[in-house]
1. Measure nothing but the geometry: give the 0 to 90° angle between the long axis through the Cα atoms of 3-32 and the longest principal axis through the Cα atoms of the chain, rounded to 10°.
2. By the gyration tensor of its Cα atoms, with a ≥ b ≥ c the square roots of the eigenvalues, what is the shape of the stretch 28-68: rounded for a/c under 1.5, prolate for a/b over b/c, or oblate?
3. Under unit Cβ charges (Lys, Arg +1; Asp, Glu -1), what dipole magnitude, rounded to 20 debye, does the stretch 1-84 have relative to its Cα centre?
4. Keeping all protein chains in the complex and leaving out DNA, RNA and ligands, what accessible area do you get for residue 11 with a 1.4 Å probe, in Å² to the nearest 10?
5. In terms of the Cα gyration tensor, with a ≥ b ≥ c the square roots of its eigenvalues, is the stretch 84-135 rounded because a/c is under 1.5, prolate because a/b exceeds b/c, or oblate?
6. Arranged from highest to lowest average of other beta-carbon atoms within 10 Å per residue, in what order do the peptides 57-64, 29-36 appear?
7. Going highest first, how would you order 96-106, 74-84 by mean Cβ packing within 10 Å?
8. Mind checking the dipole of the chain: about its Cα centre, +1 per Lys or Arg Cβ, -1 per Asp or Glu Cβ, Debye to the nearest 20?
Amino acid sequence: MSTASFGRLGDLLRWIGLTLVVLLGLQLLVLLTGFNWSDEAYRQLVVQVLVTQAPMALVGLLLMLVGGRIDQPSGRTPLRIVVGVLSIVLAVAMVVAVPLSISGDRVLSEQTDQQLASGKGQLEQMRSQMATASPEALDQVVMQAEQAGQMPAQATPQQKRDLVKQLMAQQVKRVEDQLNQQQKARDLTVNQRRIGGTGTAVVMAIAFVLVALVALI
């Protein structure tokens, strides 16, 4: 490959890398238009954008660094200084994102735990009502079901009570299944945020530090 071809390749890599870094900057700029750092939801949105888009910026910085080394294999150039400074800034941003992400995980866990606790309380109340339901209470439910046309007219009073108990048991089972699904969704979401959010922020912070060291040393 000729020297001119290497030069064009270096220019292409630098421009592609710069484009990827600028894309991250534009997404953060959009968030700055609605700046409200006191809002937990806003902080978590900033963290989410930083963490999810950081790999793109990392690739961009690497392309810029490779493109610069193609033209000048040695020596500290302005481009390498820019790459190093941007890498340090992003590394600091990732370090700041770690405690923010942990705080968001804790808030999310508390909210979902409260919802699950409320649902479990309602479930226990339904079970208690079903277990302690008196014949008179069952007859009232039977009357309501008859008025709604949900009870066979030819059934005996005892059969109607048994049917009401079956309907109550089915309702309890549905609520129990819903709570189990919510518990699984809660565990999946929390684990995803811990690994995909906090874990990614730590890894990206290390990666940006390494890029800065390569660019500046």
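The values are calculated or read from the model by the stated rules, or taken from the named source; none is laboratory data. Everything numeric in this text was worked out from a predicted model, so none of it was measured. Cβ: placed from backbone, ideal geometry, glycine included. Neighbour counts: every protein chain shown. Note: accessible area is taken over every heavy atom of the protein model, side chains too, but ligands, DNA and RNA are not part of it. Shrake-Rupley method; radii C 1.70, N 1.55, O 1.52, S 1.80 Å.
1. Roughly 40 degrees between the two axes.
2. Details: a/c = 5.03, a/b = 2.72, b/c = 1.85.
Taking the square roots of the gyration eigenvalues as a ≥ b ≥ c, the stretch 28-68 is prolate.
3. 340
4. Per-residue accessible area (residue 11): approximately 70 Å².
5. Prolate.
6. Highest mean packing first, the order is 57-64, 29-36.
7. So the order, starting with the most tightly packed, is 96-106, 74-84.
8. So the dipole magnitude of the chain works out to roughly 700 debye.
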